[in-house]
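**Student:** One structure follows; several queries about it will come next.
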Amino acid sequence: MTTALHPPPAFHLLAKPTGATCNLDCAYCFFLSKEMLYPGSRFRMADELLESYIRQLIESHTVPEVQIAWQGGEPTLMGLPFFGRSIELVEQYRKPGMRAPLIQTNGTLLDDAWAAFFKQHDFLVGISIDGPRAMHDAYRVDKGGQPTFDKVMRGLHFLQTHGVEYNTLTTLHRANADHPVEVYRFLRDECKSNFIQFIPIIERVPASALAQAETAAQLVVPGQVSTAPWSSWRDRPLYTQAGELITDRSLLPEQYGDFLIGVFEEWVRRDVGAVYVQMFDVALANWIGEPPGLCVHAKTCGLALAIEHNGDLYSCDHFVEPAYKLGNILETPMIELVASPQQQQFGQDKFDALPQYCLECDVRFACHGGCPKDRFLHTPDGEPGLNYLCAGFKRFFHHIDEPMRVMAGLLHQQRAPAEIMRRYQERDRRLAETFADAGRNDPCPCGSGKKFKQCHGRR
């Protein structure tokens, strides 16, 4: 294989030591089906591969900081001895200033020993939780179909007791996406999370699945945006390019935008600079013209890869498919695969495949078309390649344009973006005074165009 002239100085690699093997059976998990790629496998990373992975990953970076990132499936199924060995290898090959190891876990297997280990070796732990009990347990169940909320909270308690640094990852779906403030406050106040990630769940199934649904309302029927007088955007048909259906668990486009807006309105009033919501950090980076640090809303991608338990390297965690397999690091050096023409083309295609509708969009600088895995709708003029979440992206990015400009201006003046909170608090105070004088049938002072009783005057 021919190595590119300029391999990247750094990249992100998600290592899956157990492959798709997991102790949970989350209803929306897209990765469990990847077991079919490796029939008969034990789904355990061997010591030989572990050594080669650590060594090659460190050698492939020309920057002092290297992330050692573990994901699954459920990586803790490998047991503490495996991760103890990984730390030995990191110490053997590490460069000065290397970043602490990372691990993403469902948290159900964590105990005192795991938490003590993470603290001793300076792990950053990502723990998956979908909100308060009922929202979390709607889809995150074990192999017996039993709820997992209590087990996750127990694992989180061990991390907190030992002072382990952690963040939270919350998937958004029909069970929690209508409750943005409740979810956010739970993560902030109950989980004590000061770094929060939200991941939208979007599932596609063959059209034949419609016959298995109890009612057509359980699925968002795929179709181009309809001109029919639907009662709301929630029952509007959408068409995928392949004629597929969207499951009833999946997030709806505008629902995603409304969720982010709901969280933003809470965050911007009291938590700027104290709680970091990944989507807001990414947006601010795009508003000030810096790399956003997340491939989803970057102009191109290709620097966030995935490695399987046997050493197979794939273009992306969402593209662990034969067509996107770059090779195996036991056969071809990792850096050659990462810098290969195939992978470079994969990353460039994110921009090159944008339809004209996206290229002309006023928020493309913030959106960049979203993740290619979700570009399965047609644009209003019939061109393929529109992101399923486009309507939500527009809703959110238009809403935050003014505050993002304010925070970008503060940064350019070398001032803290948190100063924006005072502006919102003063604005809220003035509105409250105006609301006090508003009649029920008067136009709402907020400028929504609704009557006060139907807007801020509602009980």
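The values are calculated or read from the model by the stated rules, or taken from the named source; none is laboratory data. This structure is a prediction, so every number in the text was calculated from the model and none was measured. Cβ placement follows ideal geometry from the backbone for every residue including glycine, while neighbour counts extend to all protein chains displayed. These area figures cover heavy atoms from the full protein model, side chains too; ligands, DNA and RNA do not enter into them. Shrake-Rupley method; radii C 1.70, N 1.55, O 1.52, S 1.80 Å.
**Student:** Over 23 Å from Lys16 (Cα atoms) and part of a loop (DSSP other than H, G, I, E, B): does that describe Gly107?
**Tutor:** Taking the combined requirement at face value, the residue does not satisfy it.
**Student:** Which one is nearest to the chain's Cα centre (by Cα), of the residues in segment 403-438 that are at pLDDT 90 or above and part of a loop (DSSP other than H, G, I, E, B)?
**Tutor:** Checking each candidate, the answer is Ala416.
**Student:** Kindly provide the set of residues from segment 176-197 that are crowded, with 23+ Cβ neighbours inside 10 Å and in contact with an Asp or Glu (Cβ under 6 Å, 6 or more places away or on another chain), ordered by number.
**Tutor:** Asn176, Tyr184
**Student:** Only one residue in Asp47, Asp25, Asp112 is surrounded by fewer than 16 Cβ atoms within 10 Å (Cβ to Cβ) and touching a residue at least 40 places away in the same chain (Cβ under 8 Å), so which one is that?
**Tutor:** On inspection, the qualifying residue turns out to be Asp112.
**Student:** If you go through segment 315-344, how many residues are buried (at least 21 other Cβ atoms within 10 Å of the Cβ) and either on the phi > 0 side of the Ramachandran plot or among the basic types (Lys, Arg) (or both)?
**Tutor:** Qualifying residue count for the region: 0.
**Student:** Still on this model: Give me the residue from segment 149-175 that is among the aliphatic types (A, V, I, L, M) and part of a loop (DSSP other than H, G, I, E, B) and, out of that set, least open to solvent (accessible area, probe 1.4 Å).
**Tutor:** Val164
**Student:** Can you work out which of the residues in segment 347-397 that are aromatic (Phe, Trp, Tyr) and crowded, with 22+ Cβ neighbours inside 10 Å is farthest from Pro200 (Cα to Cα)?
**Tutor:** Phe397
**Student:** Count, please, the residues in segment 80-102 that happen to be among the acidic types (Asp, Glu) and modelled with pLDDT under 95.
**Tutor:** Qualifying residue count, segment 80-102: 1.
**Student:** While we're on this one: Of all residues in segment 51-104, how many are over 12 Å from Ala15 (Cα atoms) and either among the hydrophobic types (A, V, I, L, M, F, W, C) or in a strand (DSSP E or B) (or both)?
**Tutor:** 13
**Student:** Give segment 110-148 a look and list any residue that's among the aliphatic types (A, V, I, L, M) and part of a strand (DSSP E or B), or say none.
**Tutor:** Within segment 110-148, Leu124, Val125, Ile127, Val141 meet the criteria.
Condition check ((1) farther than 16 Å from Val164 by Cα; (2) open to solvent by less than 10 Å² (accessible area, probe 1.4 Å); (3) in contact with a Cys (Cβ under 7 Å, 6 or more places away or on another chain)) across all residues:
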| site | (1), (2), (3) |
| --- | --- |
| Pro75 | yes, yes, no |
| Gly79 | yes, no, no |
| Ser86 | yes, yes, no |
| Glu91 | yes, no, no |
| Gly97 | yes, no, no |
| Gln104 | no, no, no |
| Gly107 | no, yes, no |
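**Student:** Considering only segment 77-128, state which residues are touching a helix residue (DSSP H, G or I) at 6+ places or on another chain (Cβ under 7 Å) and β-branched (Val, Ile, Thr).
**Tutor:** Val90, Ile103, Thr105, Thr108, Val125, Ile127
**Student:** Here's something else I'd like to know. Of all residues in segment 341-363 being free of Cβ contacts under 8 Å to residues at least 40 places away in the same chain and touching a Leu at 6+ places or on another chain (Cβ under 8 Å), which is nearest to Pro9 (Cα to Cα)?
**Tutor:** Checked segment 341-363; the qualifying residue nearest to Pro9 (Cα to Cα) is Gln342.
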